[in-house]
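The values are calculated or read from the model by the stated rules, or taken from the named source; none is laboratory data. Everything quoted here is computed from the prediction, not taken from an experiment. Every residue, glycine among them, receives a Cβ derived from its backbone with ideal geometry; neighbour counts consider all protein chains shown. Heavy atoms of the whole protein, side chains included, go into the accessibility calculation; ligands, DNA and RNA do not. Shrake-Rupley method; radii C 1.70, N 1.55, O 1.52, S 1.80 Å.
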Amino acid sequence: MEYIEVDGSIGEGGGQVLRYSLALSALTLKPVRVFNIRAKRDNPGLRPQHLAAVKALAEVSGAEVKGAFPGSMEVWFRPRRRVHSSLSIDVGTAGSVSLVIQAILPVLLYSPGESTITVRGGTDVPWSPPVDYMSLVFTHNLKPMGVEAFVRLFKRGHYPRGGGVVEVRVKPVSKPLKPLNLVKRGRPLKAAVVSHSVKLPRHVAERQASVASSLVEKVLGIKPEVVLDAQPSESDAHLGPGSGVLVYVEAEPWVRLGGDSLGEKGKPAEKVGEEAFRKLVEDYETGMAFDRHMGDMLIPYLFLAQGVSRIGVAGITSHLATALEISKLFFPSAEARVEGVVEGPGVVEVKSPGFQP
């Protein structure tokens with residue numbers, strides 16, 4: 001059987017190449033060989049958190065896998081059929097729960113029945129969208145395409161201990177997704193600040209939220225809803241300390257843009273709140289419909305949609321370019337083009353026949 005060949009060093013050359021390649025393989029049932037995995041990293045090859053995504057994708061597609069071990073630079077992945085399940089995935093330590101969700105969601109979307117997946121690992125870790133972004137921004141922005149996915153947080157997990165627990169429910173679709181056409185956002189409708197602290201005093205979450213919410217009100221002219229997630233120390237069962245903030249704005253006609261920041265030792269809570277707001281407002285002020293992180297995560301879904309999609313993104317990132325390159329390998333009849341400059345705002349257009357299971 002012929003394998004689609006993917007050079008794991010393309011684009012940003014990290015774990016994203018592996019996740020997208022295997023996710024689209026599991027979805028389309030086209031075998032893939034990924035080589036030079038994470039070749040640009042100081043510790044190249046598969047790490048434990050990547051193996052969790054490989055295992056999860058293999059389970060939801062009945063795949064035969066070779067080369068799935070720590071340090072491996074090459075993986076052969078041959079899926080057989082998409083299956084729905086009540087699956088439990090342990091990413092281990094503080095590997096990102098969000099990145100596993102990102103990988104398996106397209107496959108579950110086209111499985112024969114509804115799936116409920118429990119993922120354990122890191123919910124709020126560096127270099128990954130926090131779970132609040134996945135539940136409040138990512139899944140919200142997919143709804144107009146026909147995606148019904150729900151992310152529910154049971155327990156947070158911070159680096160390095162992890163221990164977070166998240167449940168993902170996905171309702172299957174039986175036809176191609178609807179194309180997405182939204183380049184510019186409209187006026188702001190509402191805003192929210194979600195601030196949490198675990199194994200830390202409650203005032204940490206309160207101070208983070210106070211700065212973020214005051215900036216939203218001052219700069220954007222909206223009084224945001226504030227959600228605090230902080231438990232009394234005597235009933236806090238989390239494995240390790242941590243804090244973080246998500247700030248999002250919902251703008252006309254329905255789109256949400258988000259910015260987030262994580263606390264760390266020696267970093268004032270006020271700085272965490274300000275950083276989350278600054279990330280949001282930097283993307284918001286471009287006037288584009290989607291923030292830079294949503295931009296690259298949307299790419300596979302544009303190829304699954306039937307027709308022409310055209311979206312505005314706050315930043316044309318290397319992750320976005322990589323997602324486009326990999327998606328083209330699995331949907332060769334689709335056409336895609338990007339208008340704009342690298343790291344600046346731009347427009348992505350994808351013309352696709354769509355995906356029919």
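Mind scanning K143/K279; K30/K171; K55/K279; K30/K351 and naming the pairs with a C-alpha gap bigger than 30 Å? The partial results should precede the final answer.
Values: K143/K279 24 Å; K30/K171 23 Å; K55/K279 33 Å; K30/K351 21 Å.
Violating the 30 Å Cα-Cα cut-off are K55/K279.
Just to check I understand the Karplus step: with θ = phi - 60° and J = 6.51 cos²θ - 1.76 cosθ + 1.60, what whole-Hz values come out for the range 12-29, glycine and proline as x?
6, x, x, x, 4, 4, 5, 4, 5, 4, 6, 5, 6, 5, 5, 6, 8, 6
Starting at the first residue of the range 34-41, write each ³J(HN,Hα) from the Karplus equation 6.51 cos²θ - 1.76 cosθ + 1.60 with θ = phi - 60°, in whole Hz, x for Gly and Pro.
10, 10, 6, 5, 6, 5, 8, 8
I want the antiparallel fraction of DSSP beta bridges within the chain, as a percent rounded to 5.
Expressed as a percentage, antiparallel bridges in the chain total about 70.
Quick one: check the C-alpha center-to-center distance for the range 182-219 versus the range 56-113, whole angstrom.
Here the two parts' Cα centres lie 33 Å apart.
Take each of the peptides 124-137, 26-39, 342-355, average the number of other beta-carbon atoms within 10 Å over its residues, and list them starting from the highest. It would help to have the intermediate numbers written out before the result.
Details: 124-137: 23.6, 26-39: 21.4, 342-355: 18.2.
Packing order, densest peptide first, comes out as 124-137, 26-39, 342-355.
Which distance in Å, rounded to a whole number, links the C-alpha centroids of the range 254-273 and the range 1-43?
Measuring centre to centre over Cα atoms gives 31 Å.
Could you size up the charge dipole of the range 198-260 around its Cα centre, putting +1 on the beta carbon of Lys and Arg and -1 on that of Asp and Glu, and report it in debye to the nearest 20? Could the numbers behind the result be given before it?
Working: 6 positive and 9 negative charges, 37 e Å.
Computed charge dipole of the range 198-260: roughly 180 debye.
Sum up the charges of everything whose Cβ sits under 12 Å from the Cβ of L18, counting Lys and Arg as +1 and Asp and Glu as -1, but leave L18 out.
+2
Once you keep just the Cα pairs under 8 angstrom separated by 6 or more residues, what percentage relative contact order results for the chain?
Averaging sequence separation for qualifying contacts and normalising by length gives 14 percent for the chain.
What accessible area per residue, rounded to a whole number of Å², is obtained for the chain using a probe radius of 1.4 Å?
Heavy-atom accessible area per residue stands at 41 Å².
Output the relative contact order of the range 311-357, whole-number percent, from Cα pairs under 8 angstrom with separation of 6+ residues.
Computed value for the range 311-357: 46 percent relative contact order.
Given an 8 Å cut-off on Cα distances and at least 6 residues of separation, report the relative contact order of the range 137-266 as a percent.
28 percent
Of all accessible surface on the range 119-210 at a 1.4 Å probe, what whole percent is carbon and sulfur?
Summing carbon and sulfur atoms, their accessible area is 54 percent of the total for the range 119-210.
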